[in-house]
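Let me give you the structure first, and then I'll get to my questions.
Values in this text are rule-based calculations from the coordinates and carry no lab data. Just so it is clear, the model here is predicted, and its values are computed rather than measured. All Cβ positions, glycine included, derive from the backbone under ideal geometry; neighbour counts span all protein chains shown.
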Amino acid sequence: MEPDPAPAGGAAPDRPVIQTSAALVGDGADIAQARHLAAGFLTRAQAEHGLPVSQRVMEVTQLVVSELVTNARKYAPGPALLDLCIAGDTVEVSVWDSDPVLPIARAADAGRVGQHGLEIVLAVAQGFEARREPVGKRITARLALADDPGGALAGRRPL
């Protein structure tokens, strides 16, 4: 995990951008490996940089990583890339895969078994972006790094 000396969008000028990446080979161990990477990344960010990372943030980040990597493994052949980045007060989880088809969130349906991953990610993320790349696509979810002082979950606000 190397700090990037140039702040990215939204990063405080006195706080470095902290990031890590991993190539995932497309086998059954990818999801556990990605969750482990996310937990270690946030633990190091807290220990080495003094950033506030609550247990809830740790768990929600691992959940988002798990859902995005699961979707990449399920719908795209071959390898995927996982990027984790802390810029300012958010942690960004990005997953690239080789399939150019962008995901579409389905309408909520309590009777549907499975296929709720994107719904979950959209519910807990402050921001979400899906974009095509020259090869494949990149899905990015932005999560609040710290809990709301009022105790509310720091996901999307109801409309």
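Quick check, is residue 22 under 17 Å from residue 138 (Cβ atoms), in contact (Cβ under 8 Å) with a residue 60 or more places away in the chain and hydrophobic (A, V, I, L, M, F, W, C)?
Yes, satisfied.
Would you please name the residue that is farthest from residue 80 (Cα to Cα), looking only at residues in the range 130-148 that are surrounded by 13 or more Cβ atoms within 10 Å (Cβ to Cβ) and charged (D, E, K, R)?
Per the criteria, the residue is 147.
Conditions first: (1) out of contact with any strand residue (DSSP E or B) (no Cβ under 6 Å at 6 or more places or on another chain); (2) surrounded by 12 or more Cβ atoms within 10 Å (Cβ to Cβ); (3) over 20 Å from residue 22 (Cβ atoms). Residue 126 passes all but one, so which condition is the exception?
Just one mismatch for residue 126, condition (1).
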